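Okay, so here's the structure we're looking at.
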Amino acid sequence: MQYTNAGPGLKKMFIAQIGSVICSVLLIIPLINLIAMVGVLVFLIISLIGLYQAGKDIGGCQKAFQFTIAQLVLSVISNFAGSGFIGTIVSVAYSVTGFLVTYFVCSSVAEVLRMRSHDDIASRGELVWKLNLVCYAVNIIVSVLSHIPLLNILTGPAGIIVPVASLIAGILFITFLYRSSEAL
């Protein structure tokens, strides 16, 4: 089977990830932050287009696209849910959908890469989703524990370790997207 849409779609996702990271850093600079917010939105759209395009060839990317839409809806709901119990439930659902996006992209693209004898890149994709699973699980646990008196003290160390692990997972995901787009 030819994967004529997968490579270019993954390349768009790669570009969108890089652009989003740059815009996220620029958000802290006054005046430039307005332009950066527009940039984040533009790169979100590029990422969605890339995911949709890759989904034409790879079923898991199509599922990831659907979960991305669900995650956007949950993002809007979280703005109204507050920080109480309902807010925590929405936050957990948001995290789960975020993980599922990563899982479906990485696992389905890895499957295609293995069929095309790119086992090294496929192994990286599997590592990415497994590392993300751990990060998302710990984030969810920390989110729930932070609302329980006395147990919320335990969340401090995780508040340092998890962001570092998430950053590493994000970098690995970006490199996986790039290498996959080149291989397909």
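The values are calculated or read from the model by the stated rules, or taken from the named source; none is laboratory data. Remember, predicted model here, so these are calculated numbers, not experimental data. Backbone-built Cβ (ideal geometry, glycine too); neighbour counts: all protein chains shown. Quick note on the areas: whole protein, heavy atoms, side chains included, nothing else; ligands and nucleic acids left out. Shrake-Rupley method; radii C 1.70, N 1.55, O 1.52, S 1.80 Å.
Below, the figures for the structure above:
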| read-out | value |
| --- | --- |
| Residue among SER24, SER83 that alone is small (Gly, Ala, Ser), part of a helix (DSSP H, G or I), open to solvent by 50 Å² or more (accessible area, probe 1.4 Å) and free of Cβ contacts under 8 Å to residues at least 24 places away in the same chain | SER24 |
| Of the criteria (1) β-branched (Val, Ile, Thr); (2) at pLDDT 95 or above; (3) open to solvent by 40 Å² or more (accessible area, probe 1.4 Å), which one VAL105 fails | (3) |
| Every residue from region 142-158 that is within 18 Å of VAL90 (Cα to Cα), in contact (Cβ under 8 Å) with a residue 12 or more places away in the chain and assigned to a helix (DSSP H, G or I) | VAL142, SER143, VAL144 |
| Checking SER91 against (1) open to solvent by 30 Å² or more (accessible area, probe 1.4 Å); (2) among the small types (Gly, Ala, Ser); (3) under 29 Å from ARG114 (Cα atoms), the condition it does not meet | (3) |
| Unmet criterion (only one of (1) polar (S, T, N, Q); (2) open to solvent by less than 30 Å² (accessible area, probe 1.4 Å); (3) under 13 Å from the mean Cα position of the chain (by Cα); (4) farther than 21 Å from GLN62 by Cβ) for SER166 | (2) |
| Residue identified as out of contact with any Gly (no Cβ under 6 Å at 6 or more places or on another chain) and either within 21 Å of ALA6 (Cα to Cα) or in a loop (DSSP other than H, G, I, E, B) (or both) among GLY50, GLY39, GLY60 | GLY60 |
| Lone unmet requirement of (1) open to solvent by 70 Å² or more (accessible area, probe 1.4 Å); (2) under 15 Å from the mean Cα position of the chain (by Cα) for LEU10 | (1) |
| Within region 132-163, considering residues that are under 17 Å from the mean Cα position of the chain (by Cα) and among the hydrophobic types (A, V, I, L, M, F, W, C), the one surrounded by the most Cβ atoms within 10 Å (Cβ to Cβ) | CYS135 |
